[in-house]
Structures are given as C-alpha cells and as structure tokens.
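Just so it is clear, none of the values below were taken in a lab; they were calculated from the coordinates. These numbers were taken from a predicted model, which means no experiment stands behind them. Quick reminder, even Gly has a Cβ in these numbers, built from the backbone with ideal geometry, and neighbours come from all protein chains shown.
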Amino acid sequence: MDPSLFVLFGATGDLAHVKLFPALYRVTLRDDVTGPATIVGVGRSDWDDAKLQDAAVESLTDADVEEDDARAWAEGALRYARVEAYDQLAPVFEAARALEEERGLDGDRVYYLALPPSAFPGTITALGEHEAERGTVGEHRQPDAPWVRLVIEKPFGDDLKSAQDLNEIVHEHFSEDVVYRIDHYLGKETVQNLLVFRFANSFFESAWSRRDVERVEILVAETNDAAGRAGYFDGVGTLRDMIQNHLTQLFALAAMEPPARLDAEGIRREKIKVLRSTRTARSDEVVLGQYGPGPDDPEGYTDHDGVGGSSRTETFAAVRLHLDNWRWQGVPFVLRTGKRLPQRVTEIAVVFRRPPVRLFQNGGDCDPVPNVLRLRLQPDEGFRLSFDVKVPGDGFKVTTRELAFSYGDSFGVFPDAYETLLHDVLEGDQTLFVHAQEAEEAWRIYQAILDNDDIEVHPYASRAWGPEAAGGLVEAPPPEETGRPAGAC
Ligand code: BG6
C-alpha cells in the first residue's frame, strides 16, 4: 500500500486518545504498510505539534506501548493544524500540502472525521470543495489523480431524515466507493467470524432458518454507565447509541443470506436486503429502561453531572424485530442492550425448536428444553452449544450439557477493532463499513419508536438485568446459566 497522508479531525478528543492513536500506531508499523506514518491532527484547541505529540505518547503508553517507541513514533508522524471552525480548513490544507511536499507523498489522503455530528455537514462540504479543486473526486476527478477516502464516525445522523440529509451532502461531493462509515463492531474479529461460522460450516447453516430456529436473541450487556458522557449521551439514549447501529449490524450479519462473493459489494448487498425485509419496530414491542441507584452505586442516571432530574433518556432498550422473508418468516429477533447491567457480555443466542415429541418425561409432565447456540462475541470469545444427554443409571433421566469452543484458548489475542478498520481504510476495502442505504434502512426500522414520546421508560436498579418489563420480550436464560429451567424435563 502506498504511503498516504492521514488527516484526523478531532485529534484532541476522547476517541483519538482511547482508540485512534493506539490503532494508528499499530497499523502504521505493520509490514504491509509502506513508509512512515504522516498524520495531521486537526482540532479547535490551542495546541501545537508538541502538545499533540505529548497527548499521543500518553495515549500509547496507556495502551502498553513503551514510552521511547511511542515518543519516536509520535514525533515522526504527528503534526497539528488548528482551525477556528470545522468549515474553515485552510490551515489543514496548508499543513497537508507542506507535509506531502516535505515527504514526497503522492497526494493520497484519508480524512477521518471523529467529530461531533453537528460538525459533519460543514467539514464534508469544505473537504469536498477542496478535493474538487485538486481534481480527485466526483465529476472533477482527473485520470491518475491521487485517491481520497472519507471516514465518518458514528453517529451517522440521529434519525432517518438527518441520515438522508447527511448522505445527500456526502454524495454531493464524494462517490459512495470512497466513503467509509464506521461501526466499530464490524471491526471486531468475532463479529467477522460470524460470516465464517455461518458460511464455512454447512452443519450450522443448514439449521439456520425458520425450520429449525424458534427465536434469536442478541444481547450487548455493558457494566459501564453514562457518567461523564452526559454531553453526548443525554437526549441521545440507547436506541440511537447502540441499537440502531451496533446491534442492528449484528442482527444483519446473523440474518443475512450467503453473499454471492465475499467482498464489500456482496456482503453489503445482503445486509441491505435483510434490513429492507425487516418490519418497522412497533411501540408495543419495545421496552425502554433507565438505571437508578443500586446497592453498590449510589448515583442513578439522573444524578450524573449534566443530566436533568427529569431526563427520560433510556439507558436500556429491548426491541423485538420481525422479518418478512423466506428464511425468517415468523422467527422473532430480540435485540437487547443496557448500561449498568450485572455483567459485560455480547452474545447472540440462537434458540432452536424443541423436539416435536416428548419422549423423555423425566418423571413428570414437563416441557422439553431447546438447544441453544450461544455465539459469544466479547469477552471470553467463543461459542457454546447446549444439548441433552442421558444421566447414567436406570431409566431415561435427561440433563443439559454444553459443547464449547474458546477463541482465546485457540488463538490468543487478536487485533483491536479500530486497528482492523484503519488497516482496511488504508487498503481501500469497504467490506467492514456501513453503506449509505444500510444506514438509512437501519434508521427506518426504529423511526416509529423514536417518534413516540409516550413509550414508558421503566426504572431499573443498577446491576439488574434491565427493567422487569423486558422479561416479556426475552426468553433465553441469562448468559451464564446452562442448566434446565424449572419445570423443564
Ligand atoms: C459506543 C457507544 O459506540 O460503543 C458506547 O457510544 C458503548 O455507549 C460502546 O459503550 C461499546 O463498545 P464496546 O466495543 O466496548 O462494546
């Protein structure tokens, strides 16, 4: 891959500190990336090169990079460009040109927007106009012009209309094949493994439909809370922050048809088809919740700094989705996520149909137990498949056990999602990024419930599994439970 210039908007922000500097460091040291990293960090703060480099060193040492290595990389790679506003980018273009000249780069550029959504339209327009002048984009593109890629962080809009408007601005200047909308869940190894799991193993794929599957439950449980993030989170809430993007992406990957080819077009086309065949979620099939205090957490959500006492912002959401297609007709998919839950776990539970005949009564009149396949995406990545066995001894007493596979035991650690995503941006591979239509369809599914201010927001105690009302939507036992539910034979 040719050396290019990486322009990071939002270089003084939290995402840059926690995720992007470590990922840029790791990715630009990989064998398949040529040339030293050249990064222009852009921000509105009164910083200079040295301050940006110091911030990057701190971020890297926090991520376990040796201080000397971090310092050498930061000083070689990073320059700072300060702007007054994100639609006045002259200092950025000046810094970019100077660096490209100094380092003999060809003019290929990545623009990475880790900015508040309100800054997207102005920044994208300013970048588009500049790139039109350089002859790199759209109808202005000259033969042999350098390439330009535009990376946009989430959230992509805050409803269907705003996502459509944003897509319109993007497409006024950039063609879809140079746009990379980030959903960092797609960069997680185990999320990508969903494709391998489903399409490389005929055993599972043949059972992956309404014929054998009763329901699918997707859970992203978080132990963290929204303290310190009120400025972003309050008024946004879990439907917009998690369900519309991360959980909907997991849903699309779990439900999609096999792609014709394993490339960006093939995969994204199938995901769009799934979203299109998903009915608009109904208000009576969603449960919203907000955490209050709990035994170990004296502060509830509304006690956090910056959150008003009457805030209705949900920190928990469970939604039941239905697809109208041949594979999944009649099979509910329940998406559930919340903050301040008892355990951090992301899991897809595929609940198979029970045996049609009750052969084994276990001495009583009781229900057979379904086989459940749990794909654990984080932490303790792997999968577990529950099945029934005979308890040794007289008669046919049946109990449940599991077949289990652990990613960690087989492969050790794997790259962070952002490292994978940045690598793919530099490679020009859009497979793990969200297409314009996907973003819009994902908003369309939830628009009716976003528009309905009458949906009750149920309180739940910190470290409970969400509000009790969610029990009406969810049936799979909590992640750590393997045994047979009471009353089952
Ligand atoms: C972010 C959300 O996109 O994803 C956060 O804004 C959430 O609220 C985070 O905590 C979860 O990501 P991960 O990778 O820790 O599961």
Quick one: give the max-minus-min coordinate of the C-alpha atoms of the chain along each principal axis, largest first, in Å. 82, 51, 45
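Out of all DSSP beta bridges with both ends in the chain, state the antiparallel percent to the nearest 5.
On the way: 40 of 75 bridges.
Close to 55 percent.
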Between 0 and 90 degrees, rounded to the nearest ten: what's the tilt of helix 189-199 against the longest Cα principal axis of the chain? 60
Would you please name the trypsin sites (Lys or Arg not before Pro) within the range 321-402 that are DSSP coil residues with at most 15 other C-beta atoms within 10 Å of their C-beta? ARG344, ARG358, LYS397
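Report D for the range 8-117 in µm² per second (integer): Stokes-Einstein, Kirkwood Rh on Cα pairs, 20 °C, 1.002 mPa s. Spell out each step's value before the answer.
Working: Rh = 14.1 Å.
Stokes-Einstein gives a translational diffusion coefficient of 152 µm²/s.
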Paired Rg and Dmax values of the range 98-166, which use every Cα atom, in angstrom: 14.1, 44
Helix-derived [θ] at 222 nm for the chain: sum -39500 (n - 2.57) over DSSP H runs of at least 4, divide by residue count, nearest 500? -9000 deg cm²/dmol
To the nearest 10 degrees, the tilt of helix 264-276 (Cα long axis) against the first principal axis of the alpha carbons of the chain is 50
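Any idea what the relative contact order of the range 259-404 is, in percent, if you count C-alpha pairs under 8 Å spaced at least 6 apart?
Working: 208 pairs, mean separation 20.5, N = 146.
Relative contact order here is 14 percent.
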Which GluC sites (Glu not before Pro) in the range 27-98 pass both tests, a DSSP loop state and at most 10 other beta-carbon atoms within 10 Å? GLU66, GLU84
Which order do the peptides 13-25, 444-456 take when ranked by the mean count of other beta-carbon atoms within 10 Å per residue, highest first? 13-25, 444-456
Using the structure shown, select from LYS19/LYS271; LYS161/LYS273; LYS188/LYS271 the pairs with a Cα to Cα distance greater than 22 angstrom. LYS19/LYS271
Taking Cα atoms only, helix 67-77 is inclined relative to the longest principal axis of the chain by an angle, in degrees rounded to 10, of 60
